[in-house]
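Q: Got a structure for you, questions after.
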Amino acid sequence: MKAIVTGASGVLGSAVRRVFESSQVDVLPLSFSRTGDGLVQLDLTNRADVRNKFAEFKPEWVIHCAAERRPDVAGAGGLDLKNPEGTKTLNSEVPGYLAELSKELNFTLVYISTDYVFDGTNPPYSPRSTPNPLNLYGKQKRGGEEAILSAQSAQAVVLRVPILYGPAPKNTDSAVNCLLDIVHDRSGKKYTMDHFATRYPTNVIDIAKFLRRLTDIKKPLPEILHYSGDEPYTKYEMCLVFAKILELPHDHIIPNADPPSAAEATSRPRDCQLDTSATEALGLEGGLELCLFEEWWANHLKTQK
């Protein structure tokens, strides 16, 4: 089997690449800026280059992980902070083009989307729930979903996932991993940490293994699937887990359980829990195969010493 992984230098994309390659899949790992380790640079907004590269490789599956995931870069409170057109093109328009390309080149596209397409007011959300994104990132990713779902006869699946963690080149590559740096900080700086919004951190290795099992399914797939960890944490509670594992004090991290201001509420939904029952109903061997958050981190950090 041949597969293209976009965003292959990122936290999720690199995990997908490793898992697929370990099961003898011929992978073309695409990256926009990072090089080395076999990464192939490709600007996904250049349609001619994308078509040529895809047609040359002839993939059976394309796992589209590339995105600008940080809401503070894509924009917050409806206001762009850096490059609105660039993030819109990547997050909203490229997925639609890849869906059209899937029809021409006969591959199955999996588009990685986000729980942020929901407003967080009425969880859990099923694939049939009505999206209502609050921040610009969620709106752009919903735009990508709509582009894919409107591409008639495309072989495409939208896979929504929540906040991610796992092995990463840098802690700052993940909104969870970066909390380790805060726990480690002994500079005397105080941090106010969100203790209001509930998140469901999900391991990228689990997602990658699920995607690999998904490629073995021979029956038609649903248009939308959800994959999520099932353990609820606020970011403050994640910090407490890290402090416990590392045996470090955490008095420099101050929990903030107050409801966010109007602007912050637009940026960060309270609880976007994804209902994964339809995904489990696919009958994949092993089901979702979710690891436990604290257990995984305890083992991982032990190996990093």
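Q: Could you tell me the accessible area of LYS103 in Å² (1.4 Å probe, neighbours in place), rounded to the nearest ten?
A: Roughly 80 Å² of LYS103 is accessible to a 1.4 Å probe.
Q: Between GLU295 and ALA281, with labels modelled 7 Å along Cα→Cβ, what's the label distance in nm to one decimal, could you check?
A: With each label point 7 Å from Cα toward Cβ, the separation is 2.8 nm.
Q: Moving on. Would you indicate which of [x] 40, 28, 24; [y] 63, 32, 17; [z] 31, 22, 19 is the value of semi-axes √(5λ) of the Cα gyration tensor in Å derived from the coordinates of this structure?
A: Computed from the coordinates, semi-axes √(5λ) of the Cα gyration tensor in Å corresponds to [z].
Q: Going by accessible area, probe 1.4 Å, with all protein chains left in place, what is the ranking of ILE182, ILE253, largest first?
A: ILE182, ILE253
Q: Given the whole protein assembly as supplied and a 1.4 Å probe, what does the accessible area of CYS178 come to in Å², nearest 10?
A: The value for CYS178 is about 40 Å².
Q: Roughly how many Å² of TYR116 are accessible to a 1.4 Å probe, to the nearest 10?
A: Here the residue's solvent-accessible area equals roughly 10 Å².
Q: Across segment 250-257, in residue order, what do the Karplus-derived ³J(HN,Hα) couplings come to in whole Hz, using 6.51 cos²θ - 1.76 cosθ + 1.60 with θ = phi - 60° and x for Gly and Pro?
A: 10, 6, 7, 10, 9, x, 10, 9
Q: Suppose accessible area is computed on protein heavy atoms with a 1.4 Å probe; arrange CYS272, CYS291 from highest to lowest.
A: The most accessible residue leads, giving CYS291, CYS272.
Q: Given 0.36 nm per residue, what is the gain on full extension from ASP258 to ASN171 after removing their alpha carbon distance, in nm?
A: 28.6 nm
Q: Still on this model: What's the angle, to the nearest 10 degrees (0 to 90), between helix 47-57's Cα axis and the longest principal axis of the chain?
A: Once rounded, one gets 70 degrees.
Q: With all protein chains present and a 1.4 Å probe, how do ASP115, ASP37, ASP216 order by accessible area, largest first?
A: From most accessible down to least: ASP37, ASP216, ASP115.
Q: Keeping all protein chains in place, calculate the accessible area per residue for the chain (probe 1.4 angstrom), answer in Å².
A: Using a 1.4 Å probe on heavy atoms only, each residue of the chain averages 46 Å².
Q: Given the options ALA48, ALA67, ALA243, state which has the largest fluctuation in a GNM of the chain using a 10 Å cut-off (strictly under) for Cα springs.
A: The residue with the greatest mean-square fluctuation here is ALA48.
The values are calculated or read from the model by the stated rules, or taken from the named source; none is laboratory data. Computed from a predicted structure; not experimentally measured. Neighbour counts are summed over all protein chains in view; Cβ atoms, including those assigned to glycine, are modelled from backbone coordinates with ideal geometry. Surface accessibility is based on the protein's heavy atoms, side chains included, excluding ligands, DNA and RNA. Shrake-Rupley method; radii C 1.70, N 1.55, O 1.52, S 1.80 Å.
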